[in-house]
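See structure below.
Read the figures in this text as sums done on the coordinates, not as results from a lab. Quick caveat: nothing in here was measured; it's all calculated off a predicted structure. Every residue, glycine among them, receives a Cβ derived from its backbone with ideal geometry; neighbour counts consider all protein chains shown.
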């Protein structure tokens, strides 16, 4: 990918009629030519773009419908083999204003991955932090550091950088899920390493246990295995099961109904997935959260530095991001760029499940901003 | 700045002859058109660029000669006024392979700033972390949060995000110095806020004290003022004076000569500037260090994730970065992209000062990599 | 409690025949009298006691039988009312070599607490960190910050300093449990504050819910409630249920049988209770852990700085601490002083449950040592 | 030292007439005898002492006059040799209400140490954290990890646990200084290890350099040696020189006079010594600070959890601690027990130096309280 021109002509005179720019003269033209020749760019011609009063995202709010994604992924299942080189049958969201690059936002990658019955995705590892989230189906095991982890609807599977991993589909049906990574961020800061692993897993790794070993060690609330304990930057818990997430959300809403604190806003439950060895975000660069909004409730418009990708897990509703607004339903993915206000309204439809609540999975680049002292948030007052 | 195309045509068939790509067929062409229409990009066509085996920097090693910079800055002094809107007479290094953008590296901004006698650069503040380093001259005061700080040869002045700051030149001569900021990084992750301050400083702030108040509070070794103490992400010490840096480097080399630990390699002293409230890097996103290499010594080639900009402070020598090699002298600036090996040889010349050592100021984006668990370094074995 | 004499006569001449002491002379006698008069003590007469080559604990290993404790607690139930002033019907272990003080070890308090049907223990709060552990029975609710928490066999209820708390027994039977606190430590360093609360709880607080609100917020593995999240030095999770502890121990032993890491030694599962907001010990000064040792297994003798109290939860076995050795069964409590080697052998008896494993709850002052850079451990080599 | 009785008779019936105690009856007497026999103590007879409403220190405010200390130390110099076994000619303050034990406070040891011309104190190391502070004289070098450090008036020399150290007096005069350690604290929690080192130092270690190697590496403000950098719990800077402390205090008072923040109260400058690798207290268990109070100023009465020892460095004044009040002059030492209010008034006398300020060195156990979430402070309102 070369998103840079090879010519170096950074200075333009089109700024000549701007009052904050120096008057154009033959000497100024010569000076600017000197800059170009010396590979220099004056701040005064660029400051408005480089140092805006607040973030003006290069990305655009956008919605991808799950039906479209799933249909194209299914056709790829027929036409595109999975194997070494291509590595994964993953198809990424390309934000419409990011120049065709496979970036959901300037820092985040989001893709649908698809595996046919009996297929294997070969082992590799990389510095990019990753996770999988399952909106429907089951039958695939992801094998992380030789530990097979079953994937089922509602499960969240984080996988910190440099863990070996592969996938195998042991079911009779294809399975699709969502991959999230920090590919664009690591591309920009140039941190990436990648190693190819074994082409075939061992028989033991093709096992299909109901729980991974990581869950047996780390999946007990408030308890850690002393033999394995120690601070790790990426979570050792490889799967956060839907049964737990659902229970936590249900509890928050019941506490609210009983008059106790628990929700982040009226009718709005929110849990964050955390690393049990640090009590911080599951991955060094990615935050993951799950929202439940009861039918009829609406969240207050809120801006944050940094960007998010959401996937509707259940229910339906209406989402407004800046100047964009969409009706959403199960599986749909949408993007919230940096500092764009987002609000979400839960609207039960006839086809919804009993609860009628709108359930959404969210991931974002918030850890970057938190760790670098750049995080800001703003609640819109007139909402 | 628009470094993205507006068209969205991410998928190319030029990959058709690559063995890791699916065979081209009418169905595949149709699938790829479906991807484009749906704003999707398949991983298998992009993985080599997005997820390389190790960082392959978009930036290029490059040297800017101080003489050229200073000459162009001087001509700008005559032609370009300093004032509100343009804000600063700063001229940035534009890496030759970064598309003409004013980026020294993908994350770092480096510029020469120039102020004529009696000039004032107006007050503003921004989330971008910044510093100034002075390779020659004196007479300018930078006023940070109303505290005037004199700038003199060898001084390093960090200034964390969202501190109000302005400059005034109280001398009879123009003065030039180097500005370093994390502008490209914050541009990419979209974290920027910027506020305009007062156009004129108060009379008190135009004072020209020999030391800033920050130094009187924080500039005593191993001692902190209890009334002000508490963790701050950016250093409250606004100037690190040359006399201290020089003494620390001299001490390291003397310890080495006496047979004790101190240097990082034979004849190679290295100090890091730190925040006295955290004992960590002076700025949340920027590391700053100072090297002294005795005449005849050469550093071992070393790779690091992340990029650096160096300025020669004194002496002369030969620098090799990847496939590039340059003779360097006082004031010259050069760039080391991510994972490119760098080695530096000190070569005294007739015009050098008595010591004959090569002194270099360096700044880098290492805190990003450290805090996000992405830092790696490698010493070349056959060097 | 006055464990100090009022006379001040620190210097003795009994050291006269020790070769490391100065020769006795009239001048030395006069000097030592001068020390006494001036309230001074020379190091050279005391160094062996004050600065030993390794910890020589003032405490002694000791075993208290549960049957004895429970019998005396029951008789106290008849004779000693619970109410304001005495505050709790708690009876503390007094280590036989600590001068009759109610200290299980030099830093830890351990007591049996007993509440009759219908009784209430009045509300108070204090800086002392506390927990309850239930070896048998149920029917008592502890109310922490107005949140009623049911207590049942196997449950661990930590309660950080300065949380308001009270207890009420809603059952038809008396109930006993173990209290652990850092009373001796806070007594020595003089950190204590204590406030009396309300004499009567509200009707709502007399509720007997199956789960506390704290568990509904914090008791889901790997998940935190965003509305409440933030670092707290004491855990907000007020009860760690037996069902979870048991499952975690079972998983570790099964992983061991399958050939995977999990246990701390052969047949020895060990979990630590942690604070979900810090991933560190549940209380600032107290570590709590739970051991399961399979029948026939024996732990390697191990020394640690700091002291522990253990309670047998289930099964039976033989415990050796330094020169002491006891057969232990359900409910028995024993003390391991600093740097005394401890080893535990699991010995199934006819009366044991099916599993035959020895289950032990342990608490210690390890966080003190960890935070102050004083923690050491040593595995005996010839065990 | 055995400050405990060997008999175990913890329960007394003297509480019979207290209304919060159960009525005395033959059954209660029998119950209490049962407690004694079983090594148990009921909380309800002890709670007032164990869990007071606020700290009631076992220690007492007390003043030791420097003249007395120095005189007795000098006589010890004649009568008591320094060597292996006794290890140091150190004479400790014994708080009048701590039973004759060599404890200045319940956690802190403070002693005068004295070395005759040509004497050597042999090498050892221990877990106890220590420092030296010099109120007058020079000529002694302390050798820490083979690095000779000269000691002169006003210098503060911290030495974290387990550093090898020895002393030698190279001057023609005896020299005295103050040692501070956490001996009582480590005695209570039983953390101590002690190793004997070499009886004789090497010739190189008998060198008398003007600065230690540690200062050459770590004594430059805001700068760290990259080759040695990394977090260490005890400071690697082995001496904090008077010239720096004096300058920092002078700067704070000048800033106050100019109308800027800097002092902790009117006319009251205060600096804290910190570890340059952590920006926290110099030692894991000990805080050290230096006060300067201008003539005529008085500090507001202030309580803190934890205890302090002060030494007057220069000037004179009046100190009030709880119910005690003393006139103080150079060298005098006094103790502030936990939660006792302290206020200090500076009163210039004819014999004082020009400045007339009262200078005081202070050390305390504050890090214990901070790290264990037990620190509290209170400013008296009606002062």
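Rounded, prolate or oblate: which fits region A:242-379, taking a ≥ b ≥ c as square roots of the Cα gyration tensor eigenvalues, rounded meaning a/c under 1.5, else prolate when a/b beats b/c? Note, shape of region A:242-379 comes out oblate. When C:143, A:282 are arranged by Cβ crowding within 10 Å, least crowded first, meaning fewest neighbours, the order is C:143, A:282. Placing R0 at 51 angstrom, the Cβ-Cβ distance between residue A:38 and residue C:260 gives a FRET efficiency of 0.25 after rounding to 0.05.
Taking the label point 7 Å along Cα→Cβ, residue B:327 and its counterparts in the other copies are spaced 7.5, 7.7, 9.2 nm apart, in ascending order. Computed from the alpha carbon positions, the gyration tensor of the protein assembly as shown leads to an equivalent ellipsoid with semi-axes of 56, 47, 29 Å, biggest first.
Across the copies of the chain, residue A:204 has label points (7 Å from Cα along Cα→Cβ) spaced 5.1, 5.5, 7.2 nm apart, shortest distance listed first. For chain A, count all C-alpha to C-alpha pairs, find those more than 36 Å apart, and express that count as a whole percent of the total. Tail of the P(r) past 36 Å holds 29 percent of the pairs.
Shape of region A:299-371 from the C-alpha gyration tensor: prolate (a/c of 1.5 or more and a/b above b/c, with a ≥ b ≥ c the square roots of its eigenvalues). Only DSSP H runs of four or more residues enter the estimate; each adds -39500 (n - 2.57), and after division by the residues of chain D the mean residue ellipticity at 222 nm equals -5000 deg cm²/dmol.
The fewest-to-most ranking of D:172, A:246 by surrounding Cβ atoms within 10 Å reads D:172, A:246.
For the pair residue D:49 and residue A:136, label points projected 7 Å from Cα toward Cβ lie 7.3 nm apart. Taking a point 7 Å from the Cα of residue A:84 along the Cα-to-Cβ direction, the residues of region A:171-204 with backbone N closer than 17 Å to it are A:194-202. Between the Cα long axis of helix D:66-79 and the first principal axis of chain D there is an angle of about 80°, rounded to the nearest 10. In chain D, the longest principal axis of the Cα atoms and the axis of helix D:26-37 are about 40 degrees apart. With the Kirkwood sum run over all distinct C-alpha pairs, region D:158-242 has a hydrodynamic radius of 15.9 Å.
Calculate the translational D of region D:62-218 in whole µm² s⁻¹ from Stokes-Einstein, where the hydrodynamic radius comes from the Kirkwood formula applied to all Cα pairs, the temperature is 37 °C and the viscosity 0.692 mPa s. In µm²/s, the coefficient rounds to 205. To the nearest 10 degrees, how steep is helix D:242-257 against the longest Cα principal axis of chain D, on a 0 to 90 scale? Long axis of D:242-257 versus the principal axis of chain D: about 80 degrees. With each label modelled as a point 7 angstrom along the Cα→C-beta vector, the residue C:20-residue C:199 pair spans 5.9 nm.
Each Cα pair under 8 Å and six or more residues apart adds its sequence gap; the mean of these over the residue count of chain B is a relative contact order of 15 percent. With label points defined 7 Å past Cα in the direction of Cβ, position residue A:84 shows copy-to-copy spacings of 6.6, 6.6, 8.0 nm, given to one decimal and shortest first.
Measuring from the axis that maps chain C onto chain B, the chain C residue with the nearest beta carbon and its rounded distance in angstrom come out as C:231, 7. Ranked for footprinting exposure by Cβ neighbours inside 10 Å, fewest first, C:376, A:216, D:125, B:84 give B:84, C:376, D:125, A:216.
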